[in-house]
1. If residue A:98 meets every condition in (1) in a loop (DSSP other than H, G, I, E, B); (2) facing another protein chain (nearest Cβ under 9 Å); (3) closer than 18 Å to residue A:160 by Cα apart from one, which number is that one?
2. What single numbered condition from (1) surrounded by 14 or more Cβ atoms within 10 Å (Cβ to Cβ); (2) modelled with pLDDT of 85 or more; (3) in a loop (DSSP other than H, G, I, E, B) fails to hold for residue A:200?
3. Condition test on residue A:118, is it touching a helix residue (DSSP H, G or I) at 6+ places or on another chain (Cβ under 6 Å), under 17 Å from residue A:203 (Cβ atoms) and more than 10 Å from chain B (Cβ to nearest Cβ)?
4. Which one is nearest to residue A:81 (Cα to Cα), of the residues in the range A:35-59 that are outside any strand (DSSP E or B) and away from every other protein chain (no Cβ under 11 Å)?
5. All but one of (1) closer than 15 Å to residue B:112 by Cα; (2) surrounded by 24 or more Cβ atoms within 10 Å (Cβ to Cβ) hold for residue A:57; which doesn't?
């Protein structure tokens, strides 16, 4: 069944929701996804939560994959991509569990996959408003600039965790989804661009976060700038990941 | 052996021999993998060598351009420790990557298992196989 994909067949969509201690919001997110996209399967990757995240998600009707300990978004998402690859899904959509991502945009993201391998839901690209100032803003601008050149397209928000990926992207991310700092967003895009995947962005409006505001302390913002530059520099100088042509086969990984 | 009459050398020798024995014991009881022991054996052999033939230090000092021989010994010791620390960091990173991969696989297997075994109280509010003790 993972042989030749029929272009006429409807796409099998898996919505992956990485969740870490999100029992307050994950239920609503899952229900909303199921309502907006009834034909899509929803996989909540419980990233070692200490609360009832997995229970709430399962009761809301999602498949739940529970990681035994916290791996960060990178680990959670790679597990999601591996699942999608093994189960032969055509599209993976990543949605945050905190309710920030408007599920109404899932459909436009998937539609934009017609001309791309990865579609990013970009904040503050006109449609959205996302307050960021000072060093944090510079860091984001720098990341966007470098990645835009790398991907040969205009990208304004490369730290967005709202994105859709087709089979080619799933194959890359199932093996190379970095767990480093910013690896789940920035470095994964570097990996994708260097694997010659086509990246596009679609403008989205973000909702206010359900719980807590992001820290705006200047020290944190400066630390973010330094770490972002470091992460980007490392990502760019890493050896090019080989694009594995073999589909949907589990090998032992590369740790040997 | 006039060297051994100087007070510092027997001490160094005893320490080196004790370290050697400890290494052998760790290897024998399989608490230390052989690949990590090579470096330590090399260090101990070096220490023993320097203990018996201190002239090596003097000769090396002249070669490198350090004035005081003991400083060279310190530099070398620091370098060895630095290399060991870096090597351990590398090993930890490898282990973390393996642990991550294993964790992902375990989670996926558990999901697959849950999907295949029909939930005894499917449809009910109680989830299957949870340790959390969900309120029902």
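The values are calculated or read from the model by the stated rules, or taken from the named source; none is laboratory data. Worth saying up front: this structure is predicted, and the values here are computed from it rather than measured. Note that each Cβ is placed from the backbone with ideal geometry, even for glycine, and that neighbours are counted across all protein chains shown.
1. (2)
2. Of everything listed in (1) surrounded by 14 or more Cβ atoms within 10 Å (Cβ to Cβ); (2) modelled with pLDDT of 85 or more; (3) in a loop (DSSP other than H, G, I, E, B), residue A:200 misses just condition (3).
3. In short, yes.
4. To start, the set of residues in the range A:35-59 that are outside any strand (DSSP E or B) comprises A:35-40, A:47-59.
Now drop any that are not away from every other protein chain (no Cβ under 11 Å), which leaves A:35-40.
Working: A:35: 23, A:36: 22, A:37: 19, A:38: 20, A:39: 18, A:40: 15 Å.
Filtering first and then ranking leaves A:40.
5. Answer for residue A:57: the failing condition is (1).
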